[in-house]
Amino acid sequence: MSAIRLLVLGAVRQHGRAHGYQVRNDLEYWGAHEWSNAKPGSIYHALKQMAKQGLLYAHEIAPSTAGGPPRTEYEITEAGNEEFYALLRAALVDYDLRMDVKSAAVGFIVDLPRQEAVELLRERIRKIEEWRATVSGEYLPAGGPDELGHIGQIMRLWDSSAEAEAVWARELIEKIESGAYTFSGEGEPFVAVLAEGQENPYGPGEPHPGDAR
């Protein structure tokens with residue numbers, strides 16, 4: 001699963017309608033250019049590809065009076081919404097995905113109903129525990145990973161990482177069930193998007209010519 005697909009769909013969805021530079025600016029505002037492959041070229045390519053696939057509408061906007069090429073604004077379609085939620089749900093359950101995909105899913109978790117988010121996280125924990133039991137029962141020698149020499153540390157690393165993820169998921173469930181955050185259907189959501197023209201304090205720099213396309 002690609003993080004950029006979930007990130008771009010989610011960013012467009014939060015704006016309602018956005019051009020490429022707005023999407024790029026939002027992802028940089030979230031720090032996604034540091035922890036994922038959300039680089040300018042990947043963002044614009046994803047926008048164009050998903051428009052071709054019917055997941056986004058591409059609206060051609062007239063160029064400004066100052067000149068320059070027309071700007072394209074994107075709006076998520078019904079199929080795009082379905083894809084967004086499918087990716088989000090899968091990423092919350094499938095614990096063995098890359099960290100950038102998991103991070104993107106956490107960023108959009110409040111787009112789900114509260115109870116569904118809890119249920120998906122519980123399923124995530126169940127899968128982690130199932131995987132750990134399989135590793136312990138089928139791959140580890142009777143005397144433990146140390147019987148495999150330094151190679152046993154690979155299994156220790158993966159098992160420790162999985163255990164840490166389960167602890168994190170349980171703590172997040174506890175917060176959610178205690179009423180933390182605003183989930184879908186509960187009122188005005190927390191939306192971390194930048195307004196048109198708003199300066200991004202975390203971005204890597206000014207847009208290059210043609211970025212707004």
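Of the helices (runs of 4 or more DSSP H) lying entirely inside segment 70-186, not one carries at least 3 residues that are out of contact with any helix residue (DSSP H, G or I) (no Cβ under 7 Å at 6 or more places or on another chain) and hydroxyl-bearing (Ser, Thr, Tyr). Only one entry in 54, 10 is at positive phi and in contact (Cβ under 8 Å) with a residue 24 or more places away in the chain, namely 54.
Quick one: would you say residue 93 is closer than 22 Å to residue 33 by Cα, surrounded by 15 or more Cβ atoms within 10 Å (Cβ to Cβ) and of a type in the set (Val, Ile, Thr)? Considered against the rule, which asks whether it is closer than 22 Å to residue 33 by Cα, surrounded by 15 or more Cβ atoms within 10 Å (Cβ to Cβ) and of a type in the set (Val, Ile, Thr), residue 93 comes out as no.
Test residue 141 against the criterion of being at pLDDT below 75 and surrounded by 12 or more Cβ atoms within 10 Å (Cβ to Cβ), and give yes or no. No: the conditions fail for residue 141. Among the residues of segment 77-98, how many are charged (D, E, K, R), more than 13 Å from the chain's Cα centre (by Cα) and more than 18 Å from residue 122 (Cβ to Cβ)? Matching residues across segment 77-98 total 2. Of the set (1) crowded, with 18+ Cβ neighbours inside 10 Å; (2) at positive phi, all apply to residue 102 but (2).
Scanning segment 9-41 for residues that are part of a loop (DSSP other than H, G, I, E, B) and either among the small types (Gly, Ala, Ser) or over 13 Å from the mean Cα position of the chain (by Cα) (or both) gives 16, 17, 31, 36, 38, 39.
The values are calculated or read from the model by the stated rules, or taken from the named source; none is laboratory data. These numbers were taken from a predicted model, which means no experiment stands behind them. All Cβ positions, glycine included, derive from the backbone under ideal geometry; neighbour counts span all protein chains shown.
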